[in-house]
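**Student:** Dumping the structure here so I can ask a few things about it.
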Amino acid sequence: MDTAAIAGNTAWVLTAVIAVALMLPGLALFYGGMVSRRTTMNMMLMVLGAFCVVGVLWVAFGYSAVFGTSIGGLGLLGNPLEYAGLGQLLTAPADAALPPLALAALHLMFAGLTAGIVAGAAADRMKFSAWLVFAGLWATLVYFPVAHWVFAFDSADGAVQGGWIANTLGAIDYAGSTAIHVNSGVAALALALVLGRRRTWPVQPKAHNLPFTLLGVGLLFTGWIGFDGSGLGAADNNAAVAVFNTVAATCAGVCVWLLVERIRDGHPTTLGASSGAIAALVAITPSCGAVTPLGALAIGAAAGAICYFAVSLKYRLGFDDALDVTALHFIGGVVGGLLIGLIATPEAPSGATGLLYGGGFDLLGRQAIAILAVFAYTFTVTWVLATVLDRTMGIRVPAEVEARGLDLALHAENAYENGSDKAHSPRGHAEQLHDLETTDLAVEAGVEEDLRPQRRP
């Protein structure tokens, strides 16, 4: 590859890193706007805290566990010591298509955001200290192995052996939905089951700041373009196809969710549009390089409709996934992953042939195996991890803390203030905390006024 091509690809990937970095405030705003005003800062800090914990682990051994040579050649986990500390990546090999730290930076973003996605299931009731411990252990035991399965390809010369899904199974996942969205959605389900329902179930706190949520979706959408477009690490036609399909699917997802919502509930909503966008973005992530633009519209539309109805599953099955992570990320990932087996076209960058293009059931079967394997592994390990932490350090806040709100109780701060800015008060911390609590409880007096079904069951 010539120097100009390498420079162009590097510039594109580093630009994608910046775009994906916008997903961090995007996710924090998306989640922060959907919870009660009494837990806004806690929710945002869970996203940021998880990202930073995972980022430290990524440097220490995470990158190596994902992209290192598979231990024993089984495709289950990369050697965590092979690139420990990442000092070996400071100099790019002469034949490298990209500087290795550019790839490492991009996937650090993926890893940290995946842990942050899981946080939505635990809103309003999880200890912050327990969450940080959970995030670090979950990344180590679940995300890094599954990411190795999906992202680590065998090297051309056979010197480096990668993950079993990417190589042995050969399932199609253009931008990593299996490792990120299916993985986080299943983990959210397991964590929600161990945590138990919130005290107000099935009624839950209303989304207190929908402008935050919509702004968060906009930032997530921007980042997702870089996320999907950088899937193969090159600034070429393949990237253009992935970007266009991502945008097209999102438009379809929003339109269909709003249509179904209008028919079923009598009115389209901002929260519905936001959810439709996320569902479609999740679904197009594995398939953005495998389908035509019409196929992208079909995938976005299917995700918008199916994920709308999936939201009601938590009410019917009795698990409290606070912000619908399972419905949007797991179900959305399943929709996108399986539809590859039906409508993938060999003319698209992935080069796969789905059932409707004469490819038979083989690809559909491989897609299903990949999803089922991640479900089984992630659910089991996440449930065991959360249960062990619950029985040792405890993962749920006391009932009185949940009733008062986690912002004041755990962080001694509030998202909103009435009157003068108490943060600059010369009085002591105890008096400031008392003022914050008094103001917050006055705003929230009568919990019934702050509660309503977030979406129709």
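**Student:** Going by the conditions given, is ALA234 open to solvent by 10 Å² or more (accessible area, probe 1.4 Å), closer than 26 Å to ALA7 by Cβ and not in a helix (DSSP H, G or I)?
**Tutor:** Criteria met by ALA234.
**Student:** Taking GLY337 as meeting all but one of (1) touching a Phe, Trp or Tyr at 6+ places or on another chain (Cβ under 7 Å); (2) closer than 26 Å to ALA310 by Cα; (3) open to solvent by less than 40 Å² (accessible area, probe 1.4 Å); (4) not β-branched (Val, Ile, Thr), write down the number of the exception.
**Tutor:** Condition not satisfied by GLY337: (1).
**Student:** Please verify whether segment 52-62 includes one or more residues that are more than 29 Å from ASN238 (Cβ to Cβ), over 16 Å from the mean Cα position of the chain (by Cα), in contact (Cβ under 8 Å) with a residue 40 or more places away in the chain and crowded, with 22+ Cβ neighbours inside 10 Å.
**Tutor:** The answer is yes; a qualifying residue exists.
**Student:** Since ALA121 meets every condition but one in (1) part of a loop (DSSP other than H, G, I, E, B); (2) open to solvent by less than 20 Å² (accessible area, probe 1.4 Å), which condition does it not meet?
**Tutor:** That leaves (1) as the condition not met.
**Student:** Moving on. Taking PRO268 as meeting all but one of (1) open to solvent by 10 Å² or more (accessible area, probe 1.4 Å); (2) more than 16 Å from PHE221 (Cα to Cα); (3) touching a helix residue (DSSP H, G or I) at 6+ places or on another chain (Cβ under 7 Å); (4) assigned to a helix (DSSP H, G or I), write down the number of the exception.
**Tutor:** Unmet for PRO268, out of (1) open to solvent by 10 Å² or more (accessible area, probe 1.4 Å); (2) more than 16 Å from PHE221 (Cα to Cα); (3) touching a helix residue (DSSP H, G or I) at 6+ places or on another chain (Cβ under 7 Å); (4) assigned to a helix (DSSP H, G or I): (4).
**Student:** Something else about it: Among (1) open to solvent by 10 Å² or more (accessible area, probe 1.4 Å); (2) outside any helix (DSSP H, G or I); (3) among the aliphatic types (A, V, I, L, M), which single condition is ILE306 missing?
**Tutor:** (2)
**Student:** Moving on. Could you please find all residues in segment 368-382 being out of contact with any Ser or Thr (no Cβ under 7 Å at 6 or more places or on another chain) and either acidic (Asp, Glu) or open to solvent by less than 10 Å² (accessible area, probe 1.4 Å) (or both)?
**Tutor:** THR378, THR382
**Student:** Having 3 or more residues that are aliphatic (A, V, I, L, M) is the bar; report the helices (runs of 4 or more DSSP H) wholly within segment 1-114 that clear it.
**Tutor:** 3-21, 23-34, 40-57
**Student:** Only one residue in ALA240, ALA166 is assigned to a helix (DSSP H, G or I), open to solvent by less than 30 Å² (accessible area, probe 1.4 Å), closer than 23 Å to ILE299 by Cα and out of contact with any His (no Cβ under 8 Å at 6 or more places or on another chain), so which one is that?
**Tutor:** ALA166
**Student:** For THR213, which of the numbered conditions (1) touching a helix residue (DSSP H, G or I) at 6+ places or on another chain (Cβ under 9 Å); (2) part of a loop (DSSP other than H, G, I, E, B); (3) touching a residue at least 60 places away in the same chain (Cβ under 8 Å) fails to hold?
**Tutor:** (2)
**Student:** A further question on this structure: Specify which of the listed residues (ILE263, ILE278) is without any contact (Cβ under 8 Å) to a residue 40 or more places away in the chain and either open to solvent by 40 Å² or more (accessible area, probe 1.4 Å) or more than 17 Å from THR345 (Cα to Cα) (or both).
**Tutor:** Exactly one of ILE263, ILE278 is without any contact (Cβ under 8 Å) to a residue 40 or more places away in the chain and either open to solvent by 40 Å² or more (accessible area, probe 1.4 Å) or more than 17 Å from THR345 (Cα to Cα) (or both), namely ILE263.
**Student:** Also: Taking the options GLY272, GLY276, name whichever one is of a type outside the set (A, V, I, L, M) and either in contact with a Gly (Cβ under 7 Å, 6 or more places away or on another chain) or under 29 Å from GLY8 (Cβ atoms) (or both).
**Tutor:** That would be GLY276, the only listed residue that is of a type outside the set (A, V, I, L, M) and either in contact with a Gly (Cβ under 7 Å, 6 or more places away or on another chain) or under 29 Å from GLY8 (Cβ atoms) (or both).
**Student:** Taking the criterion of being out of contact with any His (no Cβ under 9 Å at 6 or more places or on another chain), among the small types (Gly, Ala, Ser), modelled with pLDDT of 95 or more and under 27 Å from PRO100 (Cβ atoms), would at least one residue in segment 40-49 satisfy it?
**Tutor:** No, segment 40-49 has no match at all.
**Student:** Still on this model: Among (1) hydroxyl-bearing (Ser, Thr, Tyr); (2) open to solvent by 30 Å² or more (accessible area, probe 1.4 Å); (3) modelled with pLDDT under 95, where does SER425 come up short?
**Tutor:** Condition (2) is where SER425 drops out.
**Student:** Look at segment 73-118 and say how many of its residues are more than 21 Å from GLY176 (Cβ to Cβ) and open to solvent by 60 Å² or more (accessible area, probe 1.4 Å).
**Tutor:** 7
**Student:** I would also like to ask the following. Enumerate the pairs (first residue in segment 283-310 and farther than 11 Å from GLY332 by Cα and free of Cβ contacts under 8 Å to residues at least 60 places away in the same chain; second residue anywhere and open to solvent by 10 Å² or more (accessible area, probe 1.4 Å) and among the acidic types (Asp, Glu)) with beta-carbon separation below 9 Å, excluding pairs fewer than 6 apart on the same chain, so at least 6 apart or on different chains.
**Tutor:** THR292/GLU347
**Student:** Quick test of your reading of the structure: GLY158 fulfils all but one of (1) assigned to a helix (DSSP H, G or I); (2) small (Gly, Ala, Ser); (3) without any contact (Cβ under 8 Å) to a residue 60 or more places away in the chain. Name the failing condition by number.
**Tutor:** Every listed condition holds for GLY158 apart from (1).
**Student:** Which pairs do you get when a residue that is under 15 Å from THR114 (Cα atoms), found in segment 179-207, comes within reach of a residue that is among the acidic types (Asp, Glu), reach meaning Cβ atoms under 8 angstrom, with the pair 6+ apart or on two chains?
**Tutor:** Note: pairs meeting the criteria are ALA179/ASP173; ALA188/ASP321; LEU189/ASP321.
**Student:** Condition test on ALA352, is it farther than 30 Å from TRP201 by Cβ and in contact with a Gly (Cβ under 9 Å, 6 or more places away or on another chain)?
**Tutor:** Yes.
**Student:** Here's something else I'd like to know. Which is assigned to a loop (DSSP other than H, G, I, E, B) and within 23 Å of ALA121 (Cβ to Cβ), of ALA327, ALA322?
**Tutor:** Result: ALA322 is the single residue among ALA327, ALA322 that is assigned to a loop (DSSP other than H, G, I, E, B) and within 23 Å of ALA121 (Cβ to Cβ).
The values are calculated or read from the model by the stated rules, or taken from the named source; none is laboratory data. No experiment lies behind these values; they were computed from the predicted model shown. So basically every Cβ, Gly included, is an ideal-geometry build from the backbone, and we count neighbours across all protein chains shown. Surface accessibility is based on the protein's heavy atoms, side chains included, excluding ligands, DNA and RNA. Shrake-Rupley method; radii C 1.70, N 1.55, O 1.52, S 1.80 Å.
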